[in-house]
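Readers should treat all values here as calculations from the given coordinates under stated rules, not as data from a laboratory. As the structure is a prediction and not an experimental result, all values here were calculated from the model. Cβ sites come from the backbone with ideal geometry, for glycine too, and all protein chains shown count toward neighbours.
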Amino acid sequence: MIARRLVAVLFLPFLFCGCAQEAGSMAGTTGKDPIVVGFSQVGAESEWRVANTESMKAALSEENGYELFFDDARNMQENQIRAMRNFIQQDVDYIVFSPRVETGWDSILQEAKEAEIPVIVIDRGIVAADDSLYRAYIGSDFREEGEKAVKWLEDILEKQERTGEDIRIVHIQGTLGSSAQISRTGALEQAIQRNANWRMIEQECGDFTRAKTYEVMGAILKRTKDIDVVYCENDGEALGAIDAMEEAGLKCNPEDGVIVVSFDATKKGLEYCFEGRIALNVECNPLQGPYVDEIIKKLSRGEQVERKKFVDETLFDFYTITKGMIEKRGY
Ligand code: AHR
């Protein structure tokens with residue numbers, strides 16, 4: 001551990017300029033060696049992601065016994081792989097990463113395994129050739145989130161007695177190939193198979209951002225304004241789609257307008273839900289730092305950890321959301 005600390009303090013400042021100060025500031029300030037963690041974050045594409053980064057930094061803090069090397073991959077898998085390789089070269093104690101997409105991680109994980117550095121996957125899941133390539137996964141059950149969304153949609157359309165009419169759905173997907181996209185998309189596509197009156201009229205990628213979705217939704221609206229439901233795979237996309245629809249004169253409301261479905265339930269997303277502009281917001285919980293801290297502390301004590309853990313999540317809709325729920329939201 002001491003050798004690792006020495007190497008990290010000597011070389012990491014040159015590789016991760018943004019965290020050089022954090023790295024140096026730990027040296028010699030406590031009697032105990034900190035646990036050195038390299039965290040590769042996928043990017044800063046959404047409010048959710050920012051909250052996730054903050055949760056990780058707060059949990060893996062100096063006061064909590066850590067030395068954290070943080071790298072923002074700017075939504076590029078090759079940047080994540082490069083950061084992880086740097087972490088391996090610096091011989092950190094643990095690598096944590098939030099994978100942009102599900103596949104393509106086997107080689108770098110094999111390198112970490114050969115270097116005997118345990119890897120913890122957070123947020124999005126991966127498909128690995130061999131389960132021993134990472135020690136634990138903590139994140140969201142994205143399929144369950146998608147199932148909650150389509151079940152709510154089925155129920156509301158039934159209550160509105162619209163089972164006999166065509167329901168025209170626009171689908172805005174998240175980053176293609178990410179487990180969040182694959183699972184939320186899977187739930188919708190399966191629901192379309194079982195509901196004969198549901199029609200997918202447009203399917204485009206919004207890459208989990210408000211700006212890109214505003215653009216793609218604007219293009220869709222030039223083709224058609226006859227839309228019943230917009231299923232967005234996060235709050236950023238929902239906000240971008242609503243911007244475009246309202247500009248085009250469409251009302252977003254489950255009672256007498258377009259039904260917008262979203263995921264995340266950030267504070268902004270909940271405010272939109274209170275107004276009905278988002279009809280349903282399925283929670284995706286970004287506060288994963290404390291779970292990662294617990295896993296690392298357990299592994300450091302040589303204890304067993306759960307291999308796969310899903311964080312607790314709920315849902316909010318226009319009909320039941322209260323101001324109190326929004327006020328409680330910290331992000
Ligand atoms: O992987 C979690 C998803 O990624 C969140 O829904 C989204 O906001 C984020 O960018």
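How about the range 31-140: which chymotrypsin sites (Phe, Trp or Tyr not before Pro) there are in a DSSP loop, with at most 12 other Cβ atoms within 10 Å of their Cβ?
Values: sites: 39, 48, 66, 69, 70, 87, 94, 97, 105, 134, 137; in loops: 105, 134.
The qualifying sites: there are none.
Taking every DSSP beta bridge with both residues inside the range 198-331, roughly what % is antiparallel (nearest 5)?
Numbers: 3 of 11 bridges.
Expressed as a percentage, antiparallel bridges in the range 198-331 total about 25.
What percent does the relative contact order of the range 227-309 come to when contacts are Cα pairs within less than 8 Å and at least six residues apart?
Working: 104 pairs, mean separation 20.2, N = 83.
Across the range 227-309, relative contact order equals 24 percent.
GluC sites (Glu not before Pro) within the range 159-254: which are DSSP loop residues with at most 16 other Cβ atoms inside 10 Å?
Values: sites: 161, 165, 189, 202, 204, 215, 233, 237, 246, 247; in loops: 161, 165, 233.
Answer by residue number: 161, 165.
Taking R0 as 35 Å, what FRET efficiency do you get between residue 225 and residue 103 from their Cβ-Cβ distance, rounded to the nearest 0.05? Write out the running numbers ahead of the final one.
Numbers: r = 37 Å, r/R0 = 1.07.
The calculated FRET efficiency here is 0.40.
Reachable lysines from residue 212, Cα under 22 Å, same-chain residues fewer than 8 places away excluded?
Partners within reach: 222, 225, 251, 267, 268.
Expected output is a single nm value to one decimal: the length gained when fully extending between residue 151 and residue 294, i.e. 0.36 nm times separation in residues minus the C-alpha distance. What is it? Could the numbers behind the result be given before it?
Values: separation 143, 0.36 × 143 = 51.48 nm, distance 3.36 nm.
Extra length available between residue 151 and residue 294 comes to 48.1 nm.
Helix-only mean residue ellipticity at 222 nm, the chain, DSSP H runs n ≥ 4 weighted -39,500 (n - 2.57), per residue, nearest 500. What is it? All intermediate terms of the calculation are to be shown ahead of the outcome.
Values: 12 runs with 144 residues, N = 331.
Mean residue ellipticity, 222 nm, calculated: -13500 deg cm²/dmol.
Check the straight Cα-Cα distances from residue 113 and name the aspartates and glutamates below 18 Å, setting aside those fewer than 8 residues away within the same chain.
91, 93, 130, 131
In what sequence do 273, 252 fall when counting other Cβ within 10 Å, fewest first?
Details: 273 27, 252 21.
Ordered from fewest to most neighbouring Cβ atoms within 10 Å, 273, 252 come out as 252, 273.
Counting Lys and Arg as +1 and Asp and Glu as -1, what is the net charge of the other residues whose Cβ lies under 11 Å from the Cβ of residue 142?
Working: positive: 124, 143, 148, 184; negative: 102, 123, 141, 144, 145, 147, 233, 313.
Once positives and negatives cancel, what remains is -4.
With 10 angstrom as the radius, rank 262, 107, 46 by how many other C-beta atoms surround their C-beta, starting from the fewest.
Numbers: 262 32, 107 11, 46 23.
Exposure proxy ranking, most exposed first: 107, 46, 262.
Among 231, 291, 319, what is the fewest-to-most ranking by other Cβ atoms within 10 Å? If you can, show how the numbers build up before the last one.
Working: 231 30, 291 20, 319 13.
If I rank by nearby Cβ atoms, fewest first, I get 319, 291, 231.
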